[in-house]
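The values are calculated or read from the model by the stated rules, or taken from the named source; none is laboratory data. This structure is a prediction, so every number in the text was calculated from the model and none was measured. We place every Cβ from the backbone using ideal geometry, glycine too, and count neighbours over all the protein chains shown. Note: accessible area is taken over every heavy atom of the protein model, side chains too, but ligands, DNA and RNA are not part of it. Shrake-Rupley method; radii C 1.70, N 1.55, O 1.52, S 1.80 Å.
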Amino acid sequence: MCGIIGYIGKKPAFPALLSGLKRMEYRGYDSYGFCVLNNEKEPFFHKKVGKISEAEPELLNLEVKGNIGQAHTRWATTGAVTDQNAHPHWDCKKNIFLIHNGIIENHKDLREKLIKEGHEFSSETDTEVLSHLVEKYLDGNLEEALQKTLREVRGTYGIVLLAKDDPQKIVTARLSSPVILGIGQDEFLVASDPSAIITHTRQVINLDDNEIAVLKPDNFFILKEKPTVSIEWTPEEADKKDYPHFMLKEIMEEPETIENAIRGRLMPEEGTVKLGGLDKVAERLKDINKLILVACGTANYASRVGKYMLEEYAGIPTSVDIGSEFRYRKPIIDENTAAIFVSQSGETADTLAGLKEMKKKNVLTIGITNVVGSTQSRETETGVYTRSGPEIAVASTKAFLGQLSTLAMFAVYFGRQRNMSLVMGKRVVSELSKLPELAKSILNLAPDIKKLAEKYKEFENFWFIGRKYNFPIALEGALKLKEISYLHAEGVAGGELKHGPLALIQDNFPTIAICTSDSVYEKMVSNIEEVKARGGPVMAIATEGDERIKELVDDVIYIPKTLEMLTPILSVIPLHLFAYYMADLLGRNVDKPRNLAKSVTVE
Ligand code: G6P
């Protein structure tokens, strides 16, 4: 949830920390803090409530000496948003400086014990117990003190630790929170997020759970030898370019995202797809007769579309779970069940908890993940990358398109292993290959959608309705609108309107209806009529050539025709644009909506 970074090398640490923090600010951003060690005088430390991007001009004026340091951007979990609760946290002697991403579950007991032993606390956070425990155990060797500390704690952590008395060293550790080591030229970095260090190096080592690493100015060691891997993103990709917001840039990349997901994977002649991760377990997949999809947020809505695809085209009973619910229920599984985990970041704690549980039960685990080398991609038995590139805006957009395209390929893969005919396989593959071009044509509607946002921004409540494949898209459209514009929006299956939502329909409560020309078109038209009969304004997403809808609704956005199973990949694009323009016109912080974070690495 929070972002952590450490630097040790020949260059001044502060600028590296500052730029790393800025690049990570999307992860959590109610406060920030730094500590930089130098040999001559007292360490520099500074922590404050606020946004790093706003404080940057002032921070750039500071003269901070030292080549070793740490920095943190906080998304409050334990303790209010105050200067004192920002990281780093120190011990009684202000010798230990520690930053942390995660949660220490037994912090209350530890705090009481430490207070009885004479330690004085200066914050309300769970993290501060770590600094005092390190102080307690420190006897000349910082990594040993951290090792002893971690034996006492229950919870999750990515930690970067410094000591004033030992200023040539950074110690870092992880358990269920991401930590990567960046191996640069005459410098080492540690961070929770590749984007923080990508301008320094693309050679990284992923720290594993329960590992501790020690970084020194000219060498580093971990408890065991690990290979380096390459980050596939370029720094330019993680830049806003000329766009006013990352979110708009990322929506504009949606056609490219579909293209990247399917590139080299479609086999038009054979009417199937080639997915290396699934090929590895192809024989086992033939026996699978039940699929469980687990994901959170937008990835969960992609999974719900996936369920319709997999059941209709592969004939496999498929259930979809929210990570935070799945971890506490008792799923019915057997040796022919496979669990698919869908996540942009690959670090969502609730999704990972479900993955751990399934591994314990020997279920075949498959990941659909964007971030290469993330915990999910390493912990699943096999998987497929969505190749969506870095997604920086908190609200997920292009990654959703990557997930949907990948799930459509899963449906073809599983389908062709079972009853799907060659003809049908060829048809789906051919339609999939056309999607990037069709998606591009929808982006040309951006100015029209902006005009609609001008009109609809006067309203405060919205229903989003859809059926079958487009029901999850109604949920996604509503989620996107509410999270970035702070307007009230609810997604509902068209058929459910009459079971409650209709009571709210009035001329001030518009409905956004996804009414594409497909097997449920007539049903959707009836639902729209129900809304119109009660005076509700309606904006529809419809298929090009549908003249009838124009007579019925107040506004229409037309999207091109494709196979019914693939319509969600197109129908969601105008909804992403609509949410973006609404939020922007209302003056919201589009990329960093209040109270939310990009990668939710705590329960
Ligand atoms: C957070 C983000 C959402 C995202 C969800 C799941 O809530 O704000 O945009 O959909 O986490 O994230 P994941 O990385 O697992 O896809």
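Listed values, structure above:
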{"read-out": "Those residues of region 395-423 which are near the ligand (Cβ under 10 Å from one of its atoms) and open to solvent by 10 Å² or more (accessible area, probe 1.4 Å), in sequence order", "value": "396"}
{"read-out": "Tabulated pairs, region 576-603, first more than 14 Å from the ligand (Cβ to nearest atom) and charged (D, E, K, R), second in a loop (DSSP other than H, G, I, E, B) and open to solvent by less than 20 Å² (accessible area, probe 1.4 Å), C-beta under 9 angstrom, 6+ apart or interchain", "value": "584/590"}
{"read-out": "Restricting region 334-352 to residues that are at pLDDT 95 or above and aliphatic (A, V, I, L, M), the residue that is farthest from the ligand (Cβ to nearest atom)", "value": "338"}
{"read-out": "First in region 199-213 and touching a residue at least 24 places away in the same chain (Cβ under 8 Å), second anywhere and open to solvent by less than 20 Å² (accessible area, probe 1.4 Å) and charged (D, E, K, R), Cβ under 7 Å, 6 or more apart", "value": "200/187; 207/174; 209/174; 211/174"}
{"read-out": "Residue 84, sole failed condition from (1) surrounded by fewer than 17 Cβ atoms within 10 Å (Cβ to Cβ); (2) at positive phi", "value": "(2)"}
{"read-out": "Of the criteria (1) touching a residue at least 60 places away in the same chain (Cβ under 8 Å); (2) among the β-branched types (Val, Ile, Thr); (3) more than 16 Å from the ligand (Cβ to nearest atom), which one residue 384 fails", "value": "(3)"}
{"read-out": "Some residue of region 523-538 being open to solvent by less than 50 Å² (accessible area, probe 1.4 Å), more than 16 Å from the ligand (Cβ to nearest atom) and either of a type in the set (Lys, Arg) or closer than 30 Å to residue 350 by Cβ (or both)", "value": "no"}
{"read-out": "Inter-residue pairs, beta-carbon under 8 Å, first of a type in the set (Lys, Arg) and in region 340-363, second assigned to a strand (DSSP E or B) and more than 7 Å from the ligand (Cβ to nearest atom), 6+ apart", "value": "359/365"}
{"read-out": "Helices (runs of 4 or more DSSP H) completely within region 187-301 that count 3 or more residues being modelled with pLDDT of 95 or more", "value": "246-252, 254-262, 282-286"}
{"read-out": "Candidates 330, 359, 307 - the one that is in a loop (DSSP other than H, G, I, E, B), within 16 Å of residue 294 (Cα to Cα), open to solvent by 10 Å² or more (accessible area, probe 1.4 Å) and more than 10 Å from the ligand (Cβ to nearest atom)", "value": "330"}
{"read-out": "Every pair of residues 6+ apart whose Cβ atoms lie under 8 Å, when the first sits in region 14-27 and is more than 17 Å from residue 170 (Cα to Cα) while the second is open to solvent by 20 Å² or more (accessible area, probe 1.4 Å) and small (Gly, Ala, Ser)", "value": "22/53; 25/53"}
{"read-out": "Residue within region 61-83 that is part of a loop (DSSP other than H, G, I, E, B), in contact (Cβ under 8 Å) with a residue 12 or more places away in the chain, among the hydrophobic types (A, V, I, L, M, F, W, C) and touching a Lys or Arg at 6+ places or on another chain (Cβ under 9 Å) present", "value": "yes"}
{"read-out": "Selection from region 333-342 of residues that are more than 14 Å from residue 359 (Cα to Cα) and open to solvent by 50 Å² or more (accessible area, probe 1.4 Å)", "value": "none"}
{"read-out": "Filter result (under 15 Å from residue 96 (Cβ atoms), in contact with a strand residue (DSSP E or B) (Cβ under 7 Å, 6 or more places away or on another chain) and either part of a strand (DSSP E or B) or charged (D, E, K, R) (or both)) within region 37-46", "value": "37, 45"}
